[in-house]
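This report refers to the structure that appears directly beneath it.
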Amino acid sequence: MKYVPFYITLFIFSIIGVLAAIAAVFPQDGLTIGQATLRYPTLTQMFEQDTTLKESPLSPEELLAQRATQMRIQEEQEFLDFFRSNEARIQFPLKDGAIDYTYLDSFYYALNHADSNAVRVVHYGDSQIEEDRISVVLRRNLQQKFGGMGIGIVPLYQTVQSITEGIKTSQEPKRYMVFGSKSMRREGSKRYGPMGQTAVIDTTISITFQPRSKQTGVYSAHYFNQATLLTGGGNINIQWKGQKGTVRNDGSAMQITNLIVPDSTTNLTITLSGHGDIYGISLSGETGVNVDNIPMRGCSGTIFSGIDSKQLSTYFSATNTRLIIMQFGGNSMPYIKTQAQADKYIGTLLTQVKYMQRQAPQAQILFIGPSDMTTRLQGKMQTYPILPYFDEALSTALTEQAGVAYWSLFEAMGGVGAMSTWVRSGYAASDYIHFTRKGAYQVGEILCDALLTGYNYYTWREKDKQPIEYLNPDSTNMLQEK
């Protein structure tokens, strides 16, 4: 066995010798056999060294830069894949014929500066958002991420209690409402305030706020350090926490008065007397994010132009409202049978959205369409036949004609037939229309994830000042704005 290395070496040199011998006698022009020519390298070619210059490897810095570029491309592709095709995505408006992913940037910018200037989100909707449902998830998540406290604006008299804040009013005042029964309308006046409802003070009324945490758990909305009254039409005396004051009518469309309250309080009683209108009371923080929940039971979303424009613009401006969510459509669905009827209703909604745009030019608008809704057809629970068309047509109209964002709740929950699945899972009620609280929480989480995905894309672009990307809606080609 000790001779094995010797024999291996001898074998290798023998093979080399044989190959060299073949090279020595093999014709330099090759050997032709039939139509084929066999060639064999010469001895010089076999033993000469490869003197060709090889490409120099990248430096460590260049390799890191190359890898960083690849990572940015991959990260952006993940964002754009979500915006293009995910059922839960926010559908952005068009800008110069391409999807404008920057539409919510001003809102996201405000969120990043909420620690010095409070930001407000106003969530209007029908009975799907009653009890603070859906809004509660947005508020909790946004306040956790960007700071803030309080439940936002509430009416003087609450007919359906919130799951977040308990409101007890000593007596029911006379009220006017721009939505609901026509008997509640205010003759000859649009003074309904930003909540679309007014309580009239003509005697002494007390209102007490106290947290309700059984359903939501204790979180930032149960605390507040600022109480704000929205009043008008008369002089109103106020008592709270051992303090007194009077708001004297100055003739403006709506007056906004801040009350000094103990820092981070959870309970408050306010006593009002005199004569005038109360358009709402806001419990909030001086910084961070405030989220208003403004449900309008039975409303189709066509009433906003019936609210005094100065009252709306005053509120949106004073509270730094940067996002207005309008969630409507479900109440009209059972009565829409044809595409022509759907188109007419969509036209009315466009008018309302544009009206709100004029009152809050600093805010972005996100419209949420109806959820899947089912009715009995041919003995089976089925999606309303017009609903898929309505959802798509509404999205197109809002993003292309009104220039606002749209979120398809219909698609986010699963599309055609989804409501039956949600009912079986306990996420929706047996009326196959409304969500249960568990289902409403789920909707809130999906919506919040979509909003924060947009926020993450914004911060990703801001981090390295990435160029803004647009996607041509008619192709998959990227159009890059340099």
### Query
According to a simple spin-label model (label point 7 Å from Cα along Cα-to-Cβ), what is the distance in nm between T396 and T246?
6.1 nm
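Of the listed peptides 227-235, 190-198, 212-220, what is their order by residue-averaged count of other C-beta atoms within 10 Å, with the highest listed first?
Details: 227-235: 20.7, 190-198: 24.0, 212-220: 14.1.
So the peptides 227-235, 190-198, 212-220, ranked by packing, come out 190-198, 227-235, 212-220.
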### Task
Report ³J(HN,Hα) in whole Hz for each residue of the range 322-339, in order, from the Karplus equation J = 6.51 cos²θ - 1.76 cosθ + 1.60 where θ = phi - 60°; Gly and Pro get x.
10, 9, 10, 9, 10, 10, 8, x, x, 5, 8, 4, x, 9, 9, 10, 10, 5
### Query
Between E286 and E187, what is the label-to-label distance in nm when each label sits 7 Å out along the Cα-to-Cβ direction?
4.7 nm
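Exactly which trypsin sites (Lys or Arg not before Pro) in the range 333-376 are in a DSSP loop and have at most 14 other Cβ atoms within 10 Å? Numbers along the way, then the final one.
On the way: sites: K337, K344, K354, R358, R376; in loops: K337.
Passing both the DSSP loop test and the Cβ count: K337.
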### Summary
Checked against a 20 Å limit on the C-alpha separation, the offending pairs among K241/K310; K168/K241; K168/K214; K145/K354; K182/K310; K168/K310 are K241/K310; K145/K354; K182/K310; K168/K310
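Where does the charge balance sit around G414 when Lys and Arg score +1, Asp and Glu -1, over other residues with C-beta under 14 Å from its C-beta? Could you put the intermediate results ahead of the total?
Details: positive: R424; negative: E87, D372, D391, E411.
It works out to a net charge of -3.
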### Query
Percent relative contact order of the range 149-286, based on C-alpha pairs within less than 8 angstrom and at least six residues apart?
35 percent
### Message
Ranking request for peptides 81-94, 244-257: highest mean number of other beta-carbon atoms within 10 Å first, then the rest in descending order.
### Response
81-94, 244-257
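Excluding S309 itself, calculate the net charge of residues whose Cβ lies under 13 Å from the Cβ of S309, where each Lys or Arg counts +1 and each Asp or Glu counts -1. Display every interim value, and only then the final one.
Values: positive: K190, R191, K310, K354, R358; negative: D308.
It works out to a net charge of +4.
Read-outs: derived from the displayed coordinates by stated rules, not from any lab. None of these values were measured; they are calculated from a predicted model. Using ideal geometry, Cβ is built from the backbone for each residue, glycine included, and neighbour counts are taken over all protein chains shown.
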